[in-house]
Amino acid sequence: MHPAFSVIFFTVASGAGFGLFSLLFIADVFKLGGGFSREQLVIGGLIALGLIVFGLLSSTFHLANPKNAWRAFNRFRTSWLSREGVFAVIFMPLALIYLVSIWFDAPTWLRDTSGFLAAILAWITVFSTGMIYACLKTIRQWNSPLVPANYLALGYASGSLLLLLGAVVSGLETLPYIAMSALIMSIAAVLKAIYYFWIGSPGLSPTINTATGLTRAKVKLLDTGHTHGTFLTEEFGFQIARQKAGLLKVVVFVLGFALPGLMLVWVFNQHGGEMAAIVAVVAGLVGASVERWLFFAEARHVVNLYHGAQRC
């Protein structure tokens with residue numbers, strides 16, 4: 001698939017924003033590291049909402065006619081894209097009620113209820129984003145429960161690094177936030193490794209034989225139906241060299257997991273904790289962006305089988 005910058009930015013930014021908001025609520029409820037102040041909670045929540053809003057807005061640039069983006073809400077019963085949009089819209093007022101409750105010292109039941117519901121909706125929205133791709137049976141690399149699991153793990157990993165930076169800047173006890181980030185990033189790294197191993201299994205790839213249902217003899221495509229590029233070949237026929245993909249996967253693990261993990265140790269030892277936390281956030285977001293680019297670049301739509309490819 002052709003990797004579109006708008007969709008990459010959308011999935012990385014919104015995932016980090018939803019992850020940050022959910023983890024911020026957990027930190028508030030359990031007063032991790034001593035607890036954030038009222039102002040710090042509101043600022044952190046607004047940063048999370050900013051990432052979510054800018055991410056969602058960027059996704060409209062991938063549409064042929066962005067003015068028709070509202071139509072995405074019309075198919076809630078059958079479309080994961082529609083569900084994602086509806087859940088995101090419901091999340092916003094609940095998140096704002098939570099932040100307003102913090103700022104004006106509203107009753108605890110209102111603060112906790114709105115925050116809990118917003119955190120659950122954040123989780124559901126990120127899951128729905130992953131399911132937009134996982135439900136596509138025409139792309140083997142996406143049609144797996146590993147896809148929404150990876151979306152959730154990477155989004156919350158980015159959110160945990162942002163929350164850790166906030167804890168360091170706020171002067172809180174960082175050990176609970178370091179442990180949280182380490183746990184989530186470890187889960188994300190394992191899920192990503194399993195996913196890369198799974199999509200690399202050639203025996204699972206559709207072929208021109210399985211696409212046509214003629215499995216008793218070798219099928220050969222005699223005519224691709226065109227002599228130049230089409231929308232299908234340009235949008236669904238993106239090619240990436242195996243060597244380049246392998247190198248980028250190393251970059252994903254180095255920037256997305258290894259370097260942030262090293263920075264967690266640095267923060268724990270209190271050697272320039274603030275700068276280490278900033279490096280962890282930047283490295284984590286860059287690693288997530290490279291991962292998301294690869295997620296699209298390595299996806300092979302079965303339509304390519306009818307345009308010359310023998311395996312997808």
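The values are calculated or read from the model by the stated rules, or taken from the named source; none is laboratory data. Note that this is a predicted model, so its numbers are computed, not measured. Ideal geometry is used to build each Cβ from the backbone, glycine not excepted, and the neighbour counts take in all protein chains shown.
Would you confirm whether or not the stretch 44-53 contains a residue that is surrounded by fewer than 20 Cβ atoms within 10 Å (Cβ to Cβ), of a type outside the set (Lys, Arg), more than 27 Å from ASN150 (Cβ to Cβ) and at pLDDT 95 or above? For the stretch 44-53, residues surrounded by fewer than 20 Cβ atoms within 10 Å (Cβ to Cβ), of a type outside the set (Lys, Arg), more than 27 Å from ASN150 (Cβ to Cβ) and at pLDDT 95 or above: present.
Being in contact with a Lys or Arg (Cβ under 7 Å, 6 or more places away or on another chain) and either among the aliphatic types (A, V, I, L, M) or within 25 Å of VAL100 (Cβ to Cβ) (or both) is the filter here; which residues of the stretch 1-25 pass it? Spell out how you get there, then give the answer.
So in the stretch 1-25, the residues in contact with a Lys or Arg (Cβ under 7 Å, 6 or more places away or on another chain) come out as 8, 11-12.
Those that are in contact with a Lys or Arg (Cβ under 7 Å, 6 or more places away or on another chain) and either among the aliphatic types (A, V, I, L, M) or within 25 Å of VAL100 (Cβ to Cβ) (or both): ILE8, VAL12.
Of the listed requirements (1) part of a helix (DSSP H, G or I); (2) at pLDDT below 95; (3) β-branched (Val, Ile, Thr); (4) touching a helix residue (DSSP H, G or I) at 6+ places or on another chain (Cβ under 8 Å), ILE187 misses just one: (2). The requirement of being hydrophobic (A, V, I, L, M, F, W, C), more than 16 Å from the chain's Cα centre (by Cα) and not in a helix (DSSP H, G or I) is fulfilled somewhere in the stretch 139-151, by at least one residue.
Rundown of residues vs (1) under 22 Å from GLY17 (Cβ atoms); (2) surrounded by 13 or more Cβ atoms within 10 Å (Cβ to Cβ); (3) modelled with pLDDT of 95 or more; (4) touching a His at 6+ places or on another chain (Cβ under 7 Å), yes/no style:
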{"residue": "PHE231", "(1), (2), (3), (4)": "no, no, no, no"}
{"residue": "PHE236", "(1), (2), (3), (4)": "no, yes, no, yes"}
{"residue": "GLN239", "(1), (2), (3), (4)": "no, no, no, no"}
{"residue": "LEU247", "(1), (2), (3), (4)": "no, no, yes, no"}
{"residue": "VAL251", "(1), (2), (3), (4)": "no, yes, yes, no"}
{"residue": "PRO260", "(1), (2), (3), (4)": "yes, yes, yes, no"}
{"residue": "VAL281", "(1), (2), (3), (4)": "yes, yes, yes, no"}
{"residue": "VAL286", "(1), (2), (3), (4)": "yes, yes, yes, no"}
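Assess whether LEU305 counts as being modelled with pLDDT under 80 and surrounded by 19 or more Cβ atoms within 10 Å (Cβ to Cβ). Yes, satisfied.
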